[in-house]
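Accompanying notes for the structure given below.
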Amino acid sequence: MNIKKITIMQMGNLAHVVIYRLGCLSGLCAVAIFGMQTAFAAQEPSDVITTLDKVKDEKSADLKHADAPICSPEALAQGIWHFSYDEASRADLVWSGFGDKRHANKKIHKDVKEPLLEMIKAAKKDKVDLYPASIFRSVKKQAWIVNDKIRKKQKPEQIYFVSSPAGFSEHHTGYAVDFYPVDEKFVKTKAYPWLLENAEKFGWEQTFTADYSKKSGVSEEAWHWRYVGDEYGKHLFEPRTCQSLIVDENRGVIDEIKDLVDDKSSN
Ligand SMILES: [Zn+2]
């Protein structure tokens, strides 16, 4: 069994909680809290990196991929929140029915395909075109996107304002969709007001709203929507903050995410 230790220190040095994340067995994952130690009163802020203040509760422990997400330390160093997401397994990805079926970004999680098509069909009835431009994105592809910006000498605050670090994009899950056109022009389309009015009925919500942008430091995106119409979607995207801190031992989790990325992609 795969056992990972995560040490989380709550903001304010109130408690030092040691959590062992137990690996998934027969589709079930477990999280166990093994001990609570007293505060590190003298902990320097510079010794800590960040994660969310929410640790899995028993309810979410049965859900697939129930590992607690973390915040990207690279982005957080710029005051920007990006949460970690597991990449959907290849077996769970299917062609969305749009664009070239060989392209990864036209694939979607099998549980989300019908809810997406249903919403697109309803929009069509109202004479509104919703066209998915980009759905699934691998960790490797996200690493390429970010590394390309680094190569072009963009600053971290510019990069993480509009892009998630590899391992931290909702697109990894196959539960998020960018509708065409993937830029500010989307606000001017008939699709955007239609989505604001109707998406919720179909289980979809906009991730990067104006309000969320203010809190998280991530750019507002009218075109990016995620599915919260099933238990897994609700679990993946439950509201979170990056207000708690994680000590350096959690670097191990960050390194695991980095291991997923092929070195070649950064060249
Ligand atoms: Zn997106």
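Annotation note: of Arg151, Arg137, the sole residue that is under 29 Å from Gly79 (Cβ atoms), basic (Lys, Arg) and touching a residue at least 24 places away in the same chain (Cβ under 8 Å) is Arg137. Restricting attention to region 90-103 and to residues that are crowded, with 16+ Cβ neighbours inside 10 Å and of a type in the set (A, V, I, L, M), the residue that is farthest from Glu118 (Cα to Cα) turns out to be Leu93.
Among the residues making up region 102-137, a single one is more than 15 Å from the ligand (Cβ to nearest atom), assigned to a loop (DSSP other than H, G, I, E, B) and either in contact with a strand residue (DSSP E or B) (Cβ under 6 Å, 6 or more places away or on another chain) or hydrophobic (A, V, I, L, M, F, W, C) (or both): Val128.
Listed here are the residues, each with its yes/no results for (1) part of a loop (DSSP other than H, G, I, E, B); (2) away from the ligand (no atom under 12 Å from the Cβ); (3) more than 19 Å from Ala75 (Cα to Cα).
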| position | (1), (2), (3) |
| --- | --- |
| Val177 | no, no, yes |
| Val182 | yes, no, yes |
| Val187 | no, yes, yes |
| Pro193 | no, yes, yes |
| Glu200 | no, yes, yes |
| Phe208 | yes, no, no |
| Val218 | yes, no, no |
| Arg226 | no, no, yes |
| Arg240 | yes, yes, no |
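Filtered by the rule that a residue be over 23 Å from the mean Cα position of the chain (by Cα) and among the small types (Gly, Ala, Ser), region 101-160 gives Ala122, Ala123. The set of residues in region 150-174 being within 26 Å of Leu117 (Cβ to Cβ), away from the ligand (no atom under 11 Å from the Cβ) and not in a helix (DSSP H, G or I) consists of Gly174 alone.
Residue count for region 109-148 satisfying the condition of being farther than 16 Å from Lys190 by Cβ, surrounded by fewer than 21 Cβ atoms within 10 Å (Cβ to Cβ) and of a type in the set (Ser, Thr, Tyr): 1.
Values in this text are rule-based calculations from the coordinates and carry no lab data. Since the structure is predicted, the reported quantities are computational estimates derived from the model, not experimental observations. Counting neighbours? That spans all protein chains shown, and the Cβs are built from the backbone with ideal geometry, glycine included.
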